[in-house]
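Reviewing the structure listed below.
The values are calculated or read from the model by the stated rules, or taken from the named source; none is laboratory data. As the structure is a prediction and not an experimental result, all values here were calculated from the model. Positions of Cβ are generated from backbone atoms using ideal geometry, with glycine treated the same way; all protein chains shown enter the neighbour counts. Each accessible area value is taken on the protein alone, full model and side chains, heavy atoms only, with ligands, DNA and RNA left out. Shrake-Rupley method; radii C 1.70, N 1.55, O 1.52, S 1.80 Å.
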Amino acid sequence: MRLLFGSLLALIVAAAIGLGATWLAITQGTAYGGVTIGSWTAWPKIGTAGIDPYARAMIARSGELPVGSGDGVAFSARTDDAGKPLDGRCDVALAGITPQARYWTITLYDPEGRLVPNSVHRQGFTSQEIIRRADGTFEITAGPRARPGNWLPTGGIERYVLVLRLYDTPIGMATRTGRDAPMPTITQKACP
């Protein structure tokens, strides 16, 4: 009887740890083969047949349609370059250039993957509509109050995620370090 109880307890503990690790991997965006450049992280294998089981479960849970590896790659950022979570009550500057790509989009989502509602109904920018400086760089301000230039309204939500999708780009599975691709910097500015 004691042996049966000990085996049952070990099985319950193992199942709890396994399910807990799986839940954490799925809800926190953890997958194998991630590529991190600055604050930006991508999973280039997510749109391929070589997708890992945790990434497959993340996609099934979110209902997201991943960018195919032949089409491009999607990078996401949950923090600024100093490691602080992106706060919709603060002004955050995205500045610099993107890696080489025929076309790109940058979109603002809530942590659950939904577009952030706001009064002007703007959730992102494309490479075709962004206002650039003379040297080709740009700056986007994400914040709760209107700003001149490239303003991305956060609606004042507490946390958000930025997603940069690069289409027809050489960035992908071979990319491993920040030296491989110039990504926009993310800097928190004014915060109430």
If each K or R counts +1 and each D or E counts -1, the residues other than Pro85 whose Cβ falls under 14 Å of its Cβ total -1
Reported to the nearest 10 Å², Trp43 has, with a 1.4 Å probe, an accessible area equal to 50
Averaged per residue, the 1.4 Å probe accessible area of the stretch 70-112, protein heavy atoms only, in Å², is roughly 42
Answer in debye to the nearest 20: the dipole magnitude of the stretch 75-192 about its Cα centre, from +1 Lys/Arg and -1 Asp/Glu charges placed on Cβ, is 60
Cβ-Cβ cut-off under 12 Å around Thr98, Lys and Arg +1, Asp and Glu -1: the net charge is +3
About its Cα centre, the stretch 97-163 carries a charge dipole, from +1 on Lys and Arg Cβ atoms and -1 on Asp and Glu Cβ atoms, whose size in debye to the nearest 20 is 140
Taking protein heavy atoms only, a 1.4 Å probe, and rounding to whole percent, the accessible area of the stretch 93-173 owed to carbon and sulfur comes out at 52
The answer for the net charge of residues other than Phe125 whose Cβ lies under 12 angstrom from its Cβ, with Lys and Arg +1 and Asp and Glu -1, is +1
